[in-house]
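To start, the structure under review is shown below, and the notes come after it.
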Amino acid sequence: MSFLLPCPNCGPRDVNEFVFAGEISVRPQGPPSLRELGSYVYFRRNVAGIQREWWFHRFGCESWFQAERDTRTNEVLTTELVAPSKNAPPAPQAAATPDTPAT
Amino acid sequence: MRLPPQQGERLNRDRQFPFLFDGKPVHAFDGDTVASALFASGRRVFSRSFKYHRPRGLLCCSGHCPNCLLQIDGVPSVRACMEPAREGAVVKAQNVLGSLDRDLMSVVDKVGGPFLPVGFYYRTMMRPRRAWPIYERFLRSAAGLGRIDKHGRRTHRFDTEHRRAEVLVIGGGASGIAAAQEAADAGRQVVLVDDGLGEAAHIASAPFEVLSPARAIGIYEGGLVAVAAGSVLYRFRAERIVVATGTIEQPLLFPGNDLVGVMLSGGARRLIEQWSLRPGERAVVLATGGETIADDLRRAGTDVARVFEIGDQAPEEIVARGRKGRVSSVAIDGEKVECDLLVMSGGRQPAYSLLSQAGAKIEYDAGRGIFVPRGLPAGVEAAGSVTGERGQVVQPAPAYSGKGKCFVCICEDVTRKDVKRALAEGFDSIELAKRYTAVTMGPCQGRLCHLPSIRLFAGETGMGLGALGTTTARPPWAPVSLGLLAGRGHEPARRTSIHHRHEELGARMMWTGDWRRVHSYGDPAAEVRAVHEAVGVIDVSTLGKLLVSGPDAVPFLERLYPNRFADLRVGRVRYGVLGTDAGRIMDDGTIGRLAEEEFYVTTTSTGAGVVLEWFRWWNAVWGFDVEVVNLTGALAAVNVAGPHARELLGRLTTLDCSVEAFTYLDAKRAHVAGVPCLLLRIGFVGELGYELHFPSSYGEYLWDTLLDRGADLGTRPFGLEAQRILRLEKQHLIVGQDTDSESNTLDANMAWLVKFDKDDFVGKWALEHMQERGARERLVGFEMDDGVVPLEGGQVVVDGRPAGRVTSARWSELLGKAIGLAWVPPDLAEEGSRLEIRVDGGLEQASVRLRAFHDPEGARQRS
Amino acid sequence: MSGLEFEFLDPSSARAENGFEPVQRSPLERALRDAPPGVRDISLQVPDDLDKGLAGLQVTGERLLRRLTDLNLDALPATGTVAHVRATVLRDGDEFRIFFPQEYADHVAEVVLDAAAGLA
């Protein structure tokens, strides 16, 4: 894997400078049921297409940012630093509802 | 036979020198390749084929085929037709038992055929099973082509270099040069890569950079192109890649097509033009456009006996015959012509592999009878004949009939009969057939056999070539040594600023992640004794150290840890455990409050990076007003522990270290021996102890001072092994040793630090569910009845079945017992419960102990 | 980072007292003892605005840098991977200053000296 990831601070860099932290998921806002907690912790949509995900620039600016990447081609469409509001509930730009377990 | 200088010859006849071939000197001109010099000296057999050990001679002279692979100066499988001759080089044949001219293994060709059909290794040499060691020894010595140093010494130096190019042109023929020129004229920074055969290497002053001889071996994501240039691997990042790799002349398939003296027209032409050599005395030409090469041959003094235009005359039968492996005649539809040189050409196939790697689709152009690249991705272009848009249409027969071995793949000695057999056995897809027959899997990697084999498959199965398609092109496109890919092989190691003192003391070192740490200084038991009775000092600089500061420091830490920190007074330290939202233990450490809004957080040695990422990620999500700074390398840390630690410290600082002024879990700052320190009174090793954190550049100085000023107190340095024993006597767990990715704080006996009354913290919900569900297992201490130390990872057995596991175990000299920690079923987690632990296949008895083995009240560490 | 308690731990706060004379050592001192010209230890001259606890190397020659990093040398200063570790690189003509976590000092020195030997 050698695609270039454009860090919002540092510009295009080899993807191996970064830590990948997976697709963005929604953290429950209140105490979740066991099923909701299980979904949040273990399930992901894992789309074959454009995915919104977290990256950390470990060998550079050491900042977290979000990216939109086509998981089929590794084409990175956007990257941006996230500026959350302290009082708003934590949520990604586009809420992704994980599949719930079969049981 | 060396001719007078031909136009365009690459020789400098003013300089000549010898090199050795199989021990005998061979003369070469400056500009000769090893192969051209050997050919000039009269050599015609250059190698023996892989399976049948048939003699093979020069075929392509372009670095595509395997026929000229020789060992040169200890490097196996060098393409002699591309390798410049060097004075004093030691050249040897490979894959022979005897010599090139008399190879004893050629008996395989005479009698081995029936035993070595395609895929023979799936069928033969399997019974009787006990004969396998004999078969294996034979196969191992017969297999392979070259030989390497079995002791694996690094004898060559390979380097890796990073380069950038606005435009990278691959291929230095006419089209490559034109593309490079055009880009340079437009003001781009251009680099052109050529394998040495193109004209680019000989341009006097190009307005672009030329790397030659150099081979692009792969195109990867992100415009990354790997270029092998001798002993340097260049990693190019290019904005635009222009692939001008041209075409590869294809052989014809007919019985005897591998005989010495059968050459591709391009090979014959190169011998004449570049090295002024006459390729043969009497030639037959089988080609399209055969007259051009025939003219070149005549000019070189070769008698051209016959010229067959394959396209026009479409013969049915072509059979070449030879004597001792060298061609002596060819019969075309019954008409026999004597010759010592048979020049053939089956058309030219675009060398699309790099384009295919880059993402181009490979389609069959039925009109031209070749596979061509289409649909190039952005940033990648094709120029010249590789596009498939030029060149004549040549459609030779898939194979010509006649008696004798007709080779489809000369690298792997795969014949037409093998291909028919594979198809008959059901391997009828191109990918399966490739793997079964090994066609295209040899040194040429399909350059000379991919198209012919697909034509053959199409012919035999009746499927169209377009429907069959091509196999996947993967890097490397040209052979590279593993050494070149490996480069220098450095692996990062972290060392504390005190490291060299440990080495000077003769410490036995060990790895903790990528840190070098002291295992012991030779006598862990004595080190343990020193901590219990006098003073021990241990270098704990590897601890992760994070400074968390800002107006929201408290709510931030409260949300991350199950602990409460709002009530942690300034100047106090608390043990904390980090958890995940799945309720699992991630890391542990101490959190010291330096000021209202300033916390000093320590982590495990291997956890510092991960915890920093974790903290920063949660803050990207929550947006608290906090700053997290990684001080892990900036500060060294030394733990001074033992009953005389206070006295030692008192000699070095004016800070009041009395038990009243500096109590257990206090954090203070002071100068120690003149060095500014943060002192934390914590007790991992169970005795009175102070952990000193200070600027790392003073590491050696402070270490030396502690040992020096504490010498009369019996101060000794101690390492990780001693530390493990000491903490085990206190039943202090080590995250990652006694816990794994599934462990939680409740089951690990740390429920006391989980504050469920907090609104929200990472892991709260999961822990609530776990609390409700009840423990599945519990971490307990145990002591063995008979002093046998179980292995870490050893099984706890209940009713004959595995029910738990030992995570830590050691012999404690102080207690005179073997002690440890283990995960056990909850109903066994009672003081005095009996355990059975598997040791060496048998069962040993142990008792559960829920309190620290040594000083359970903690009086010594609080003293 | 001003006004923090932690700043007490700055190396410059060390002082001679009561017969003690603190001695600082550069993490690269030993490894670069026999370094060729073109590779110099500048650990004790880390710019103030970078994090503390860094080792510093001054290296001459763009070609040597290209054997150590894939950073765009025309877009410095930047932080990226040098000799397999995270490092900040500044440029002044053909002189490059590389700052990296001091615990990697021996490793980076080994890689740089080896790369220089490969170009010699």
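Assuming 1.567 mPa s and 4 °C, estimate D for the range B:12-121 with Stokes-Einstein, Rh taken as the Kirkwood radius over Cα pairs, in µm²/s. Mind dumping the intermediate values first?
Working: Rh = 14.6 Å.
Estimated diffusion coefficient is 89 µm²/s.
Calculate how steeply helix B:174-185 sits against the longest principal axis of the alpha-carbon atoms of chain B, using the helix alpha-carbon long axis, and give the answer as 0 to 90 degrees to the nearest 10.
So the helix axis and the longest Cα principal axis differ by about 50 degrees.
Using Stokes-Einstein with the Kirkwood hydrodynamic radius over Cα pairs, what translational diffusion coefficient do you get for the range B:139-273 at 25 °C and a viscosity of 0.890 mPa s, in µm²/s rounded to a whole number? Present the calculation step by step, with values, prior to reporting the outcome.
Working: Rh = 17.5 Å.
In µm²/s, the coefficient is 141.
Using every alpha carbon pair in chain B, what percent of pairs falls into each 10 Å bin from 0 up to the bin containing the largest distance?
Result, from short to long distances: 2, 10, 16, 15, 11, 10, 13, 12, 7, 2, 0, 0 percent.
Got the relative contact order for the range B:557-638 handy, in percent, Cα pairs under 8 Å and 6 or more residues apart? Before the final figure, lay out each step's value.
Values: 91 pairs, mean separation 14.8, N = 82.
It rounds to 18 percent for the range B:557-638.
Quick one: compute a quarter of the convex hull surface over the Cα atoms of the range B:197-267 and quote it in nm². Numbers along the way, then the final one.
Details: hull surface 30.4 nm².
With the hull built on Cα positions only, its mean projection is 7.6 nm².
In debye, nearest 20, what is the charge dipole magnitude of the range B:168-314 about its Cα centre with +1 on Lys and Arg Cβ and -1 on Asp and Glu Cβ, if you could check? Write out the running numbers ahead of the final one.
Numbers: 12 positive and 18 negative charges, 64 e Å.
Dipole about the Cα centre, nearest 20: 300 debye.
At 1.4 Å probe size, with every protein chain present, just tell me what the per residue accessible area of the range C:26-119 comes to in Å². Walk me through the intermediate numbers first.
Working: 3950 Å² over 94 residues.
Result: 42 Å² of accessible area for each residue.
Would you mind telling me the share, in percent, of accessible area of chain B contributed by carbon and sulfur at probe 1.4 angstrom? Write out the running numbers ahead of the final one.
Working: 17500 of 34810 Å².
Result for chain B: 50 percent of the exposed heavy-atom area is carbon or sulfur.
Putting +1 on Lys and Arg Cβ atoms and -1 on Asp and Glu Cβ atoms, find which of B:64, B:822, B:19 reaches farthest to the positive end of the dipole of chain B.
The listed residue farthest towards the positive side: B:19.
Taking a 26 Å limit on the Cα-Cα distance, which of the listed pairs B:324/B:434; B:545/B:755; B:51/B:150; B:24/B:405 fall beyond it? Please report the intermediate quantities before stating the final value.
On the way: B:324/B:434 31 Å; B:545/B:755 24 Å; B:51/B:150 23 Å; B:24/B:405 34 Å.
Long pairs (Cα-Cα over 26 Å): B:324/B:434; B:24/B:405.
If N is the number of residues in chain C, what value comes out of its Cα radius of gyration divided by 2.2 N^0.38 Å?
On the way: Rg = 15.8 Å, N = 120, 2.2 N^0.38 = 13.6 Å.
In units of the 2.2 N^0.38 Å rule of thumb, it is 1.16.
What is the dipole size for the range B:12-121, taken about its Cα centre, with +1 at each Lys and Arg Cβ and -1 at each Asp and Glu Cβ, in debye to the nearest 20? Spell out each step's value before the answer.
Working: 14 positive and 10 negative charges, 71 e Å.
With Lys and Arg at +1 and Asp and Glu at -1, about 340 debye.
Tell me which of B:271, B:467, B:642 sits at the most positive position along the dipole axis of the protein assembly as shown, charges placed on C-beta atoms (Lys, Arg +1; Asp, Glu -1).
Farthest towards the positive end: B:271.
Report, to the nearest whole %, how much of the accessible area of chain C belongs to carbon and sulfur atoms, 1.4 Å probe, protein only.
Values: 2550 of 5660 Å².
That fraction is 45 percent.
Can you give the charge dipole size of chain B about its Cα centre, rounded to the nearest 20 debye, using +1 on the beta carbon of Lys and Arg and -1 on the beta carbon of Asp and Glu? Please list the in-between numbers first.
Details: 105 positive and 107 negative charges, 706 e Å.
Using only the charged Cβ atoms, the result is roughly 3400 debye.
If B:561, B:122, B:701, B:135 are ordered by their accessible area, calculated over protein heavy atoms with a 1.4 Å probe, which sequence runs from highest to lowest? Walk me through the numbers before you get to the answer.
Working: B:561 5, B:122 130, B:701 30, B:135 60 Å².
Largest to smallest exposure gives the sequence B:122, B:135, B:701, B:561.
From largest to smallest, what semi-axes in whole angstrom does the range B:545-630 give when each is the square root of 5 times an eigenvalue of its alpha carbon gyration tensor? Show your work: numbers first, answer last.
Values: eigenvalues 60, 43, 31 Å².
Here the semi-axes work out to 17, 15, 13 Å.
Could you put B:333, B:760, B:740, B:159 in order of accessible surface area, largest first, with the 1.4 Å probe and the full protein assembly present?
Values: B:333 90, B:760 35, B:740 65, B:159 10 Å².
Ranked list, largest accessible area first: B:333, B:740, B:760, B:159.
Give me the residues in the range B:145-190 whose solvent-accessible area, probe 1.4 Å, is reduced by at least 50 Å² once all protein chains are included instead of the chain isolated.
B:157, B:161, B:162, B:164
Run the paramagnetic zone check for residue B:111: 7 angstrom along Cα to Cβ, then residues of the range B:384-425 with backbone nitrogen under 14 Å.
none
With the dipole of the protein assembly as shown worked out from charges on the C-beta (+1 for Lys and Arg, -1 for Asp and Glu) around the Cα centre, which of B:180, B:756, B:725 lies farthest toward the positive end?
Selected residue: B:180.
To the nearest 10 degrees, how steep is helix C:105-119 against the longest Cα principal axis of chain C, on a 0 to 90 scale?
20 degrees
In Å², and per residue, what accessible area does the range B:689-833 have when probed at 1.4 Å with the other protein chains present?
Details: 5680 Å² over 145 residues.
Result: 39 Å² per residue.
How about the range B:593-618: which of its residues lose at least 10 Å² of accessible area in the presence of all protein chains relative to their chain isolated, using a 1.4 Å probe?
B:594, B:598, B:612, B:613, B:616, B:617, B:618
Total accessible area buried between chains C and B, 1.4 Å probe, in Å² to the nearest 100? Don't skip to the answer; put the middle values down first.
Working: alone 8130 and 38060 Å², together 41910 Å².
Chains C and B together bury roughly 4300 Å² of accessible area.
Give the A-C buried accessible area in Å², both sides summed, 1.4 Å probe, nearest 100. Walk me through the intermediate numbers first.
Values: alone 6920 and 8130 Å², together 14470 Å².
The contact between C and A buries close to 600 Å².
Equivalent-ellipsoid semi-axes (√(5λ), Cα gyration tensor) for the protein assembly as shown, whole Å, largest first? Could the numbers behind the result be given before it?
Numbers: eigenvalues 915, 218, 185 Å².
Taking √(5λ) for each Cα gyration eigenvalue gives 68, 33, 30 Å.
Taking a probe of 1.4 Å and counting only protein heavy atoms, give the total accessible area buried between chains A and B in Å², rounded to the nearest 100. Present the calculation step by step, with values, prior to reporting the outcome.
Details: alone 6920 and 38060 Å², together 42710 Å².
Counting protein atoms only, the buried area is about 2300 Å².
Express the accessible area of the range B:12-121 per residue in Å², computed with a 1.4 Å probe while the remaining protein chains stay in the model.
Heavy-atom accessible area per residue stands at 41 Å².
With axes computed from alpha carbons, what is the tilt in degrees of helix B:132-142 against the longest principal axis of chain B, rounded to the nearest 10 within 0 to 90?
Computed tilt is about 60 degrees.
Take every Cα pair under 8 Å in chain B that's 6+ residues apart, average their separations, divide by the length, and report that relative contact order as a whole percent.
On the way: 1944 pairs, mean separation 72.7, N = 863.
Once divided by the residue count of chain B, the mean separation gives 8 percent.
Indicate the residues belonging to the range A:60-81 that lose 30 Å² or more of solvent-accessible heavy-atom surface (probe 1.4 Å) upon moving from the chain alone to the assembly of all protein chains, ignoring ligands and nucleic acids.
Buried by the other chains: A:60, A:62, A:64.
Report, largest value first, the span of the C-alpha coordinates of the range B:397-471 along each principal axis, in whole Å.
28, 28, 23
For residue B:27, tell me the accessible area in Å² from a 1.4 Å probe, rounded to the nearest 10.
120 Å²
Given 10 °C and 1.306 mPa s, how large is the Stokes-Einstein diffusion coefficient of the range B:252-345 in µm²/s, with Rh as the Kirkwood radius over Cα pairs? Could you put the intermediate results ahead of the total?
Numbers: Rh = 12.9 Å.
Here the translational diffusion coefficient equals 123 µm²/s.
The values are calculated or read from the model by the stated rules, or taken from the named source; none is laboratory data. Just so it is clear, the structure is predicted and the values come from calculations on it, not from any experiment. Please note: Cβ atoms are built from the backbone with ideal geometry, for glycine as well, and neighbour counts cover all protein chains shown. Accessible surface is based on the protein model in full, side chains and every heavy atom, while ligands, DNA and RNA are left aside. Shrake-Rupley method; radii C 1.70, N 1.55, O 1.52, S 1.80 Å.
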